[in-house]
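Q: Here you go, one structure.
Coordinate-derived values only; no laboratory data. Please read these numbers as outputs of a predicted model, since none were measured by experiment. So basically every Cβ, Gly included, is an ideal-geometry build from the backbone, and we count neighbours across all protein chains shown.
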Amino acid sequence: MRDRTILVTGFEPFGAYSVNPSEGLAKAVDGRRFGACAARGAVLPVHHADAARQLEALLAETGPSAVVHLGLAAGRARVALERVAVNVMDYDEPDRAGFQASGGPIAPDGPVAYFATLPLAAILHALTAEGIPAYVSNTAGTYLCNQTLYTTLHAVRQRPDPPTVGLIHVPLLPAMVAATGLEQPSMDFPLMLRAVELALGVVASSAA
Ligand code: PCA
C-alpha cells in the first residue's frame, strides 16, 4: 500500500525578492495531516537543473499520492490554480546559476504540454466558497514554476498509479509591494495559508 503523502513544494527567493511566500507556505504545512494524508513540505532552488534533481529525489523518497507545487507570481491578484505546463524554458531573468533559457524545451522528446491533474474545479469551489479570491489560470509562465510542473507531470506519466499533480501560484505579500512602491496586487500570508490548507484538504479527499 502506497504512503498517503502529499508532497508540497515551495521555492526559495529569486531575482529582486528577498522572500518568497511559497517557501513559508511549504514549511507551514510540513508534517501536518490533511484527511488521510500527511503533507511533506520542501523548498526547491530557482535553478534550471538543481530544482529538477531535488524534485526527482523527493518523488523517489516520498512516493506521493499527490504533488502540489507552490510558487510566487508577481502581478497576480488571486490565487492561481494552474491548468497547463508547457514544454518551454524562456526565462525573463536568469536563475540562481546565472542561466537564462531562451526558448528551448524542458524535455526534448516530451509532448508540447501537460494538463495538471489535481481536481482544480473542486479546489476553486472550496476557495471561493470561503471568500478567497482564486481562479483557474491557463499559463504558469515559462520560468521555473512552469518547468517544475512540467517536470513532475513528465516524470510520473508512465507510472501505473501516478500521483495527481498541480501548481498553485500565489500573489506578492503586502510587504513586498510596500518595498517596491509599485501598483501591484498582494495577499497576506494567513489568507494564502488558508488557501493552501483548503486545497490540500480537497486533494487529500480525492487521493483517499
Ligand atoms: N516563482 C517563479 C519561480 C519561483 C517562484 O516562486 C515562477 O513563477 O516561475
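Q: From the Cα gyration tensor of region 4-64, with a ≥ b ≥ c the square roots of its eigenvalues, which class applies: rounded if a/c is under 1.5, or else prolate if a/b is larger than b/c, or else oblate?
A: oblate
Q: Just the number, please: percent antiparallel of the DSSP beta bridges in the chain, rounded to the nearest 5.
A: Values: 10 of 33 bridges.
Just about 30 percent of them are antiparallel.
Q: With a 10 Å radius around each residue's Cβ, average the other Cβ atoms per peptide and rank 186-197, 135-146, highest first. Kindly include the intermediate steps, with their values, before the conclusion.
A: Values: 186-197: 17.6, 135-146: 19.8.
Descending packing order for the listed peptides: 135-146, 186-197.
Q: Eigenvalues of the Cα gyration tensor times 5, then square-rooted: what semi-axes does that give for region 125-174, in whole angstrom, largest first?
A: 25, 16, 8
Q: List the residue ranges in the chain for DSSP H helices whose C-alpha atoms run 24 angstrom or more along the long axis and whose Kyte-Doolittle average is 0.5 or above.
A: Passing helices, by number: 189-207.
Q: With springs only between Cα atoms under 10 Å, which of His125, His48, His69 fluctuates most in a Gaussian network model of the chain?
A: Looking only at His125, His48, His69, the biggest GNM fluctuation is shown by His125.
Q: What number comes out for the charge environment of Ser102, summing +1 per Lys or Arg and -1 per Asp or Glu over other residues with Cβ under 15 Å away?
A: Around Ser102, the charge tally is -4.
Q: Applying a 10 Å radius around every beta-carbon, put 56-63, 16-23 in order of their mean neighbour count, most first.
A: Descending packing order for the listed peptides: 16-23, 56-63.
Q: Give me the base-10 log of I(q)/I(0) for the chain at each q in 0.10, 0.16, 0.18 Å⁻¹, Debye formula, one uniform scatterer per Cα, rounded to two decimals.
A: Relative scattering, expressed as log10 I(q)/I(0), comes to -0.38, -1.02, -1.32.
Q: Specify the residue with the greatest mean-square fluctuation among Gly131, Gly71, Gly24, computed from a Gaussian network of the chain linking alpha-carbon atoms under 10 Å apart.
A: The residue that fluctuates most here is Gly131.
Q: Give me the Å³ per residue figure for the convex hull around the C-alpha atoms of region 127-208.
A: Spread over its residues, the Cα hull of region 127-208 gives 116 Å³ apiece.
Q: Using Cα springs under 10 Å in a Gaussian network model of the chain, which residue among Thr152, Thr164, Thr128 shows the largest mean-square fluctuation?
A: Largest GNM mean-square fluctuation: Thr128.
Q: Further, regarding this structure: Under 10 Å from the Cβ of Ala204, count the other residues' Cβ atoms, weight Lys and Arg +1, Asp and Glu -1, and hand me the total.
A: Residues near Ala204 contribute +2 overall.
Q: Which is farthest toward the positive dipole end of the chain among Leu44, Asn146, Ala66, measuring Cα position about the Cα centre, with Cβ charges +1 (Lys, Arg) and -1 (Asp, Glu)?
A: Checking the options against the dipole of the chain, the answer is Ala66.
Q: Let me have the 222 nm mean residue ellipticity of the chain computed from DSSP H runs of 4+ only, each contributing -39500 (n - 2.57), with the sum over all residues rounded to the nearest 500.
A: Helix-only estimate at 222 nm: -10500 deg cm²/dmol.
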